[in-house]
Amino acid sequence: MKPRLDMFVFADALGWEQVQKRDYLKSLLPNRNRCETLFGYSSTCDPTILTGCLPYEHGHFSFFVKAQSESPFEDFKALAWLPDRIAAHHRVRNRISRWYAQKLNYTGYFQLYSVPFSKLPYLDYTEKQDIYEKGGIIGGQPTIFESWEDSAKVWCRSDWRLGDTANIDHARSEIEAGKVELLYLFTAHLDAVMHRYGTNDPAVDAAFDDFAKKLTMLADIASRHYKEVRIHLFSDHGMSDVSSKSDMMLRWNRQPWRYGRDYTAVWDSTMARFWFHNDRTRIEALQWLTQQPDGQLLTDEQLEAWGCLFPDRLYGEYFYLLPAGSLFVPSFLNQRHVPGMHGYDPSHPDCAACWLTNCETLPVRSLPDIFSVMKESCA
Ligand SMILES: [Zn+2]
């Protein structure tokens, strides 16, 4: 019997609000607190959990950016004539995404979402490499798995490409074998269910219950194979119910500025990011943006305080952010309404992540602290 198992369970979008509201897994994981999230999406937060670094250091934020030189999506110029309703179809998109990722040798998470084919030739993609593998972090930082690999302990982790059932089964067989000492379980089903139904729905309650049962089952099995089982459950961010939609992208498109000539923009679900190609457009467009009631332009001070003032303005010269509960419909990420969303002001209560554990650890107040606990566990 091995003396100790350290199990780190990542649950995408398991926010502190939901944990509190549901008294989630209180008896299994009694030590719990709110964990501050970051401005951005999982694409921003997950690299921070894996490296302990802030976004401006590790270089990850969102998937699409303005292409600095030649775009990897030049080919899409030939497809720009396709009617949007065909080009936007998710099956068409998924096929093309898979085929394109292979063609470009991308090993990271790759999805074209609803980015119009006509805009793709102006854009580049950031998460080209698998962030869980060595060399996957843009800033070059090693991830926690390199520390685990260098340690004397036996470790394993999920495959993020697989669903929760496969990953929980994998964790279970590793625990039953009784050799692993450090385990990273990746789960994303709660995120998917809350995007689909919002946070208040019987389907969401069922998903929470099911996940709790599975973690309790893993804990039970582990207790038979190890003297001490340390379980840590955490998330990258929370989830808001979407109560209002913004058609700002359509209004913007009716303005005189031309994409590619006057500006480049990426419309994420909850923020729009702009690069202006001439002073006249910059002045006029900023004036227009300030007049819109949908959300607000962020200041550099704000971005800096959030650790998101990127060198070379990689992710945009200007960021326009919607308030919690609001969604761009359409955007480059979604064509239609989505009941649950995240990616707002990180200080909003809905956005907070969580840290739940059954033991004493270093304090975890914000996402980089999770890395410190994972690092300490292999010492
Ligand atoms: Zn999500």
Legend entry - Surrounding net charge for LEU183, when Lys and Arg each add one and Asp and Glu each subtract one, Cβ distance under 11 Å: +2
Inset, instruction - Using every pair of alpha-carbon atoms in the chain, split the distances into 20 Å bins beginning at 0 and state the percent of pairs per bin, rounded to integers. - result: 28, 57, 15, 0
Inset, instruction - Can you check what the net charge comes to around ASP350, using other residues whose Cβ is under 14 Å from the Cβ of ASP350 (Lys, Arg +1; Asp, Glu -1)? - result: -4
Legend entry - segment 322-352 residues near the modelled ALA305 label - backbone nitrogen below 15 Å, point 7 Å along Cα→Cβ: 345-349
Legend entry - Rounded to whole Hz, the Karplus (6.51, -1.76, 1.60) HN-Hα couplings of segment 248-256, x for glycine and proline: 4, 5, 5, 5, 4, 5, 8, 7, x
Inset, instruction - Rounded, prolate or oblate: pick one for segment 121-194, where a ≥ b ≥ c are the square roots of the eigenvalues of its C-alpha gyration tensor, a/c under 1.5 means rounded, and failing that, prolate if a/b is larger than b/c, else oblate. - result: oblate
Inset, instruction - For every helix of n ≥ 4 consecutive DSSP H residues, a contribution of -39,500 (n - 2.57) applies; sum these over the chain, divide by its total residues, and give [θ] at 222 nm rounded to the nearest 500 deg cm²/dmol. - result: -10000 deg cm²/dmol
Legend entry - Amide H contacts under 5 Å for TYR318, placed H, 5+ residues apart: PHE274
Inset, instruction - Could you calculate, for segment 64-125, the ratio of the Cα radius of gyration to the Kirkwood radius, expressed as Rg to Rh? - result: 0.93
Inset, instruction - Go through LYS128/LYS245; LYS179/LYS214; LYS66/LYS128; LYS26/LYS134; LYS77/LYS134 and tell me which ones have a Cα-Cα distance over 24 Å in this structure. - result: LYS128/LYS245; LYS26/LYS134; LYS77/LYS134
Legend entry - Segment ARG224-THR165, extension gain: residue separation times 0.36 nm, minus the distance between their alpha carbons: 19.1 nm
Legend entry - Selection from TRP155, LEU38, SER240, by position along the positive dipole direction of the chain (Cβ): SER240
Inset, instruction - Quick one: what are the phi-derived ³J(HN,Hα) couplings along segment 4-17, Karplus 6.51/-1.76/1.60 with θ = phi - 60°, whole Hz, x for glycine and proline? - result: 8, 10, 10, 10, 9, 10, 8, 10, 3, 6, 7, x, 4, 4
Inset, instruction - Return the Cα extents of segment 262-310 along principal axes one, two and three, sorted largest first, each rounded to a whole Å. - result: 29, 24, 20
Legend entry - Mean shadow area of segment 217-333, taken as a quarter of the surface of its Cα convex hull (nm²): 11.1
Legend entry - 5 Å binning of all Cα-Cα separations within segment 1-134, expressed as whole percents from 0 upward: 2, 8, 14, 16, 14, 13, 11, 9, 6, 4, 2, 1, 0
Inset, instruction - Only Lys, Arg, Asp and Glu count, each charged at its Cβ (+1, +1, -1, -1), so figure out the dipole size of the chain about its Cα centre, rounded to 20 debye. - result: 900
Inset, instruction - Between beta-carbons, use under 11 Å as the cut-off and find the net charge around ASP130, counting Lys and Arg +1, Asp and Glu -1. - result: 0
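Read-outs throughout are calculated quantities, based only on the coordinates presented, and are distinct from any laboratory measurement. In this text the structure is predicted, and so the values were computed from the model without any measurement. Positions of Cβ are backbone-derived with ideal geometry, glycine not excepted, and every protein chain shown enters the neighbour counts.
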